[in-house]
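Have a look at the structure below before the remarks.
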Amino acid sequence: MSSESISPKSPIPSILPSLLGLTKDDIVEIFKQHDEPAYRAAQVLEWIYKHRANSIEEMTNLSESLREKLNQQFRFKTLSSVTVQGSEDTTRKYLFKLHDGRYVETVLIPASKGLYGDKADRLTACVSSQVGCAYGCKFCASGLAGLTRNLTADEIVGQLMMVEELSGKKINNIVFMGMGEPLANIKNLEKALDIITGHWGMNIGARHITISTSGLAPMIKKLADRPQQIRLAISLHGATDDVRDQIMPVNSKWNIDELFQALHYYKERSNKRLTLEYILIKGVNDSLEQAKILAKRAKSVKALVNVIPYNTVEGLDWIRPDDEHCYKFRNTVRDTGVVTTMRIEKGHDIDAACGQLRLKQETSEGIIKAPIKV
Ligand code: SF4
């Protein structure tokens, strides 16, 4: 059977762990067990993140026997590139194959205007955290595919390393808005964050990382306790429970009051940037009454609001309101003094815009479709 024909529920083949999923402390500890000095860990990390070696063999300042030991215990690369799609606006979408035959997508977005008000020279990677997703937000079609599995830390870091290798460019901004709910995979996410932000690792500042969540209140509190300025974006999409319930099934588990309690905690812990994402869907959540309540909620936690006119997703019935109404909604929030943006989508022509991303891989069992939320 070829790996292309793997079913989403097939067991994950066992495989050696990857060096890309290890922190500096992990590597020091491993070398200690092999009676190797701690500076060897620094050498290995330099080969991986500074020299961008492609294999353990290339780490020529390690002895041959040490390289052999490492090769017996670890893999190096964790993803293989399947396709790269370029957009007219220079957004690029990468399809990667995982070791078990599953796929993830990662998007590279050159920000001409800046996402979340960031500077224009930002090069943003939109990263996936799971294969599929269990949360089934109604605009995203992920619920159709369900969750297959969490991505490991090395598969999260590996997406960034591969995008940098393939594009020849240095990523300086990361948004966890790809496939999956990052906070449902918090253990691997936190490990990946240690590697991404470590000065010995990818060395990308925490302030340049945004994690988007559907609203897992207890995990938001956990993230708030992290001593780093990581930014948070909440997929709100409804300002009252009755409206949010129609779009975000997670609301039945943690309703808006519980979510905002967690957001207050998050803001109290530090003044990290908080954004409320609001996809505008015609006749569902786009009333001006919702806009006014949204503004009040945003003020209560000093959040920015990002209004996103809905993008068509194949197989879903939602409709985008006309532009005039979108601006009216945005202005209603903005006129209360809340910083409000209406995101200009990039990558629309390659299905890489908000809520449009999905894996489309022909397999012998049909088409795997797993959307990416942005
Ligand atoms: S928006 Fe995010 S959390 Fe919701 S179904 Fe899509 S991937 Fe999952």
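Every read-out reported here was derived from the displayed coordinates using simple, explicitly stated rules and does not represent laboratory data. Keep in mind it's a predicted model, so treat the numbers as computed, not measured. Don't worry about glycine lacking a Cβ; one is built from the backbone with ideal geometry, like all the others, and counts go over all protein chains shown.
By other beta-carbon atoms within 10 Å, ranking C137, C126 with the fewest at the front produces C137, C126. Model label sites at N255 and Q85, defined 7 Å from Cα along the beta-carbon direction, differ in position by 4.0 nm. Annotation: extensible slack from K221 through T60 equals 53.6 nm (criterion: 0.36 nm per residue apart, minus Cα-Cα distance). Going down the table (K32/K170; K267/K299; K24/K221; K138/K221; K69/K97), which pairs top 23 Å between alpha carbons? Beyond 23 Å: K32/K170; K24/K221; K138/K221; K69/K97.
Average projection, convex hull of the Cα set of the stretch 128-171: 3.8 square nanometres.
Taking a point 7 Å out from the Cα of D322 in the direction of its Cβ, none of the residues of the stretch 258-289 has a backbone N less than 11 Å from it.
Whole-Hz Karplus values for the stretch 210-220 come out as 10, 9, 9, 10, 6, x, 7, 3, x, 6, 4 Hz, taken residue by residue from phi with 6.51 cos²θ - 1.76 cosθ + 1.60 and θ = phi - 60°; glycine and proline positions read x. Altogether, the Stokes-Einstein calculation at 10 °C and 1.306 mPa s, with the Kirkwood radius of the stretch 19-73 over Cα pairs as Rh, returns a diffusion coefficient of 143 µm²/s. In terms of modelled amide H atoms, which long-range or inter-chain residues lie less than 5 Å from the amide H of T240? Under 5 Å from the amide H of T240 lies no amide H from a residue far enough along the sequence or on another chain.
A simple packing score, the average count of other Cβ atoms within 10 Å per residue, orders the peptides 226-238, 74-86, 171-183 as 171-183, 226-238, 74-86, with the highest score first. Across all directions, the shadow cast by the convex hull of the stretch 41-198 built on its C-alpha atoms averages 10.5 square nanometres.
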